[in-house]
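No lab work stands behind these numbers, since they all come straight from the coordinates. What you see is a predicted model; the values in this text were computed from it and never measured. Because the Cβ atoms are built from the backbone with ideal geometry, glycine has one as well, and the counts that use them run over all protein chains shown.
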Amino acid sequence: MYMNIKTVFTKCLCCLLFLALCFTSKAQEAKMQITGVLTEASTGKPLPGLNVNVTGFSATLSDEKGNFKISVPNKNSVLIISGQGYQTKEEALKGRTSVKIALYEESYTSQYDMAVLPFGTTLKNRTPFAVSSLSTNGSWNRTNETPDSYLQGQMAGLEAQKRSGTPDIGADLYLRGYNSLYAANQPLIVVDGVIYDYNSYGSSVISGHQTNHLANIDIKDIDNITLIKDGSFTYGTRGANGVLLITTGRAKDEATRLDFAAYGGINTKASQLPVLKADNYRIFLSDLLKTKPGTTDAMIQAEPYMNDSPNPDYYSFHQNTNWQDQVMDNSISQNYYLKVTGGDDIATYSLSLGYLNNEGITKNTDLTRYQTRFNANFNLTSKLTAQANLAFTRSEQNLRDQG
């Protein structure tokens, strides 16, 4: 009996010792340190002040030289790097204890683009759907674009065909070509979670003109455009031609930030087509009439447009008006834009004001637009939040039948 108790005690002691070694190994593994450096992909310069974290475990910031040190649970952990102005990136350690990570700017197109879906925001490489994401970040360098014409050549599979050169007329959008001869072919537009009606109800009195409702959204107010190439899983048959999700700008942090831009440009008319003047045209017409059988020189000279003697129709056939100068002219365009973002832990806001004036190269075809947009996020309680989206746009445009 004594030997049995001793044997049991020895076995228990061995088990406890084994468990202690396991916990010690786990503790040492949990305290494993990973070092690394963050650089900008395009220039190679170090990136200070960026966030590095392991979800649910630890987090740190990079120093002024881009270096960081962080604790990870194991060598197969995934580091998540994020910071204002740069794309969020996931870096798998794969057994490494030291890493060098290059980050791209937000405007760069990659698999780490943020895709804004109806049920939340996620990285494009984590979504199971066929999506294309475009982070416009205001597109401050393309001021005269509308959201639909801006997408020309930007997303694979999406065709954007500009309707004409008239300011704000926009483009027709087709996802993977024409799908129907009679039904609508354009994708469903959703702005900040609300379906946006941009259909044209009836034709314009101006030949070839079409009202573009998307022109009411300034491209500089847009942060992200995500294209879901098959939106039937969320929007049913209305999303069969794809869904275009437009997310307007909001405050990215609580610090007050003011952005202002002023643009100016010159619209130059096309080179003039060479045309005949009245005297040269009469010579050409005289030679042409001689080819008509039975027509003599006397008959040609008797025509009122061939006779230089004073007559009631003299000025009708002796004008040298340059109609290209009368119809077209050089003009200027100007655009001013102001955006203020900020807030605190209770509410954040984004307010923008814009003014656009584009006179066009065809006389009396000017466009003037005033607009404002206000977006806000409210933290009402620890479990209740609210959003506000307000916008006002006024456009005044003179139109002509421009052929």
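Data table
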{"item": "Integer Hz, Karplus 6.51/-1.76/1.60 couplings in order for the stretch 91-107, x for Gly and Pro", "result": "10, 7, 6, 6, x, 7, 10, 9, 9, 10, 10, 9, 10, 9, 5, 4, 6"}
{"item": "Residue with peak Gaussian network fluctuation, the chain [Cα springs, cutoff 10 Å], from Gln326, Gln152, Gln210", "result": "Gln326"}
{"item": "For the chain, built as a Gaussian network whose Cα springs stay under 10 Å, the top-fluctuating residue of Leu353, Leu93, Leu289", "result": "Leu289"}
{"item": "Computed over the chain: relative contact order in percent, which uses C-alpha pairs under 8 Å that are six or more apart", "result": "10"}
{"item": "J(HN,Hα) series, the stretch 382-392, from Karplus relation 6.51 cos²θ - 1.76 cosθ + 1.60, nearest Hz, glycine and proline x", "result": "5, 10, 10, 10, 9, 10, 10, 9, 10, 8, 9"}
{"item": "Estimated 222 nm signal from helices in the chain, with DSSP H stretches of n ≥ 4 weighted -39500 (n - 2.57), rounded to 500", "result": "-4500 deg cm²/dmol"}
{"item": "Stretch in the chain that is longest and holds no GluC sites (Glu not before Pro) that DSSP places in a loop and that have at most 15 other beta carbons within 10 Å", "result": "65-253"}
{"item": "Charge context of Ile300, other residues only, Cβ under 14 angstrom, K/R +1, D/E -1", "result": "-1"}
{"item": "Acute angle (nearest 10 degrees) that the helix 2-30 long axis makes with the longest principal axis of the chain, alpha-carbon atoms", "result": "30"}
{"item": "Sequence of Arg126, Arg163, Arg373 once ranked by neighbouring C-beta atoms within 10 Å, starting from the fewest", "result": "Arg126, Arg163, Arg373"}
{"item": "Positive minus negative residues near Val37 (Lys, Arg vs Asp, Glu; Cβ under 15 Å)", "result": "+2"}
{"item": "Sorted by Cβ density within 10 Å, fewest first, the residues Trp323, Trp140", "result": "Trp323, Trp140"}
{"item": "Sum of side-chain charges, Thr211 neighbourhood, beta-carbon under 14 Å (Lys, Arg +1; Asp, Glu -1)", "result": "-3"}
{"item": "Candidates Ser132, Ser316, Ser107, ranked by Gaussian network fluctuation over the chain, Cα under 10 Å, top entry", "result": "Ser316"}
{"item": "The chain: angle of helix 278-289 to the longest principal axis, Cα-based, in degrees nearest 10", "result": "70"}
{"item": "Interatomic Cα distance distribution for the stretch 278-321, bins of 5 angstrom, percent", "result": "5, 22, 31, 23, 13, 5, 1"}
{"item": "Amide H contacts under 5 Å for Tyr86, placed H, 5+ residues apart", "result": "Glu106"}
